[in-house]
Amino acid sequence: MRTRRMIAACVLAGFLPLATTGCFGGFELTKKVYRYNKQVSGDKWIREVMFLVLVIVPIYELANLADTLIFNSIEFWTGHNPVLAHNGDSQTLQTAQGTATLTRISENALDVRVRALDGREQHFVMAREGESFAARELDGRLLARVAEVDGRPALVERAQ
């Protein structure tokens, strides 16, 4: 009887972090596995085979479990998910109009450098400001502000 109580107490203690956080979380590690799977190939059949491998091996399940038990709890209590990119991490995006390089300068801000195909360059900071995102010149002047309007992102303010 005493052993059963001890086991029950241990099981309850193990579930305590889940019950006390009340946090749905960002599931950032699971998203990284998904993004990896998505970029494996442009062919949908190869992506499907890779998806099945990642489910069978069980990479998706382990990532989801780690997010649920560890990373989402850390995110709830600290406001920061350790799986997210750290300051100084960069990503370069190629588009039909040119290249954009995004560099994280804080948890809520990106340094953005855009180079158009004709050679024109633009440099600004994109940051979360309350419920919106603002693009600002390096001297702080507002270029534009985007917020959610009726469930969709919308330009709500633009520099004159």
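The values are calculated or read from the model by the stated rules, or taken from the named source; none is laboratory data. Since the model is a prediction, treat every value here as computed from it, not as a measurement. Cβ atoms come from the backbone with ideal geometry, glycine included; neighbour counts cover every protein chain shown.
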- Task: Scan the stretch 119-142 residue by residue and report those that are in a strand (DSSP E or B) and more than 19 Å from Thr99 (Cβ to Cβ).
- Result: Ala127, Arg128, Glu129, Ser132, Phe133, Ala134, Arg136, Leu142
- Item | Leading residue by the ranking (nearest to the chain's Cα centre (by Cα)) among those in the stretch 136-160 that are among the acidic types (Asp, Glu), surrounded by 11 or more Cβ atoms within 10 Å (Cβ to Cβ) and farther than 16 Å from Val114 by Cβ | Glu148
- Task: Among the residues of the stretch 85-129, write down those that are within 25 Å of Ala66 (Cα to Cα) and surrounded by 16 or more Cβ atoms within 10 Å (Cβ to Cβ).
- Result: Arg104
- Query: Just checking, how many residues over the stretch 99-118 are in contact with a Gly (Cβ under 9 Å, 6 or more places away or on another chain) and either in a strand (DSSP E or B) or modelled with pLDDT of 85 or more (or both)?
  - Reply: 8
- Any idea which of Gly79, Gly26 is on the phi > 0 side of the Ramachandran plot and not β-branched (Val, Ile, Thr)? Gly79
